[in-house]
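Data block below; observations after.
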Amino acid sequence: GAGVSQSPSNKVTEKGKDVELRCDPISGHTALYWYRQSLGQGLEFLIYFQGNSAPDKSGLPSDRFSAERTGGSVSTLTIQRTQQEDSAVYLCASSPDRGSFSGNTIYFGEGSWLTVV
Amino acid sequence: GESVGLHLPTLSVQEGDNSIINCAYSNSASDYFIWYKQESGKGPQFIIDIRSNMDKRQGQRVTVLLNKTVKHLSLQIAATQPGDSAVYFCAEKGGGSYIPTFGRGTSLIVHP
């Protein structure tokens, strides 16, 4: 498809289990972001990838959270030993390039809805 | 009891009215601003953006105004329609960071 693709769209997991969330950015986009959105809240930044540069992990809330981006394209966000407070929508976004005005536009996927029970 | 954070600022309008959604941003070094629309159960959808060297930008039925003096951003929607009902977020970026920071959002309710 032409947009940012995320999977799974919904995930229910038991407390303590690990989960993996996948993001497939728009083809050719070099920048990739992960955000978290809790019910009725704004978007909380988690991690940012730009090309082959080291990712900005400053938003990850704990060491249970990690993300990788393989081949400069697909990204996986992993949450280990999930807790109930991890329940949220995890949104992925991508952007063409950081160097130009038009490249600053950031496009979001539909999100992965995570429920930890 | 109430749950903190579940009550977004809300703007209710009648179909056909013009809507104005406001946003105060925090970083005076921000040089790029974006408005997103988020419908229930969906991801944020890009609406319009503006750079700090502009004070107004128009799109289809939407206008964004930027007042850098008071760090204020607004989104104007002309002839609001029921399909415009959603949560609207402003985002700011710049000051050496490539990571946009999002506001809390405003819920727009359009009554037919």
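Here the spin labels are modelled as points 7 Å beyond Cα on the Cα-Cβ line, and at B:Asn53 and B:Ile109 they lie 4.3 nm apart. In plain terms, if you count all Cα to Cα distances in the protein assembly as shown and split them into 10 Å steps from zero, the share in each step is 8, 32, 36, 20, 5, 0 percent. Sorted largest first, the spans of the alpha carbon positions of chain B along the three principal axes are 42, 37, 25 Å. Counted over the range A:11-74 with a bin width of 10 Å, the fraction of Cα pairs per bin, in whole percents, is 18, 48, 29, 4. Considering only B:Tyr88, B:Tyr32, B:Tyr98, the Gaussian network model of chain B with Cα springs below 10 Å gives its largest mean-square fluctuation to B:Tyr98.
In chain A, inverting the average of 1/r over every pair of distinct C-alpha atoms gives 14.2 Å as the Kirkwood radius. Chain A against chain B buries an accessible area of about 2000 Å², both chains summed, 1.4 Å probe radius. The mean accessible area for residues of the range B:28-111, using a 1.4 Å probe and ignoring ligands and nucleic acids, is 45 Å² per residue.
Given an 8 Å cut-off on Cα distances and at least 6 residues of separation, report the relative contact order of chain A as a percent. Averaging sequence separation for qualifying contacts and normalising by length gives 37 percent for chain A.
Treating each Cα of the range B:12-61 as an identical point scatterer and ignoring solvent, apply the Debye formula and state log10 I(q)/I(0) at q = 0.31 Å⁻¹. Cα-only, vacuum Debye calculation for the range B:12-61: -1.29.
Counting only protein heavy atoms and a 1.4 Å probe, tell me what percentage of chain B's accessible area is made up of carbon and sulfur. Present the calculation step by step, with values, prior to reporting the outcome.
On the way: 2670 of 5770 Å².
So the carbon and sulfur contribution to the accessible surface is 46 percent.
Given the pairs A:Lys57/B:Lys37; A:Lys15/B:Lys93; A:Lys17/B:Lys42; A:Lys11/B:Lys71, which are separated by over 30 angstrom at their Cα positions? Don't skip to the end; give the middle numbers.
Values: A:Lys57/B:Lys37 26 Å; A:Lys15/B:Lys93 35 Å; A:Lys17/B:Lys42 26 Å; A:Lys11/B:Lys71 39 Å.
The pairs that break the limit, which is 30 Å between Cα atoms, are A:Lys15/B:Lys93; A:Lys11/B:Lys71.
Placing a label point 7 Å from the Cα of B:Ala79 along the Cα-to-Cβ line, the residues of the range B:17-50 whose backbone N sits under 17 Å from it are B:17-20. Fully extending the segment from A:Arg22 to A:Gln80, taken as 0.36 nm per residue of separation minus the present Cα-Cα distance, adds 19.4 nm. Largest GNM mean-square fluctuation among A:Val12, A:Val74, A:Val89, using chain A with Cα springs under 10 Å: A:Val12.
The values are calculated or read from the model by the stated rules, or taken from the named source; none is laboratory data. It should be emphasised that the depicted structure is a prediction, and the values quoted were computed from it without experimental measurement. Positions of Cβ are backbone-derived with ideal geometry, glycine not excepted, and every protein chain shown enters the neighbour counts. Remember, those area values only see protein heavy atoms, side chains included, never the ligands or the DNA or RNA. Shrake-Rupley method; radii C 1.70, N 1.55, O 1.52, S 1.80 Å.
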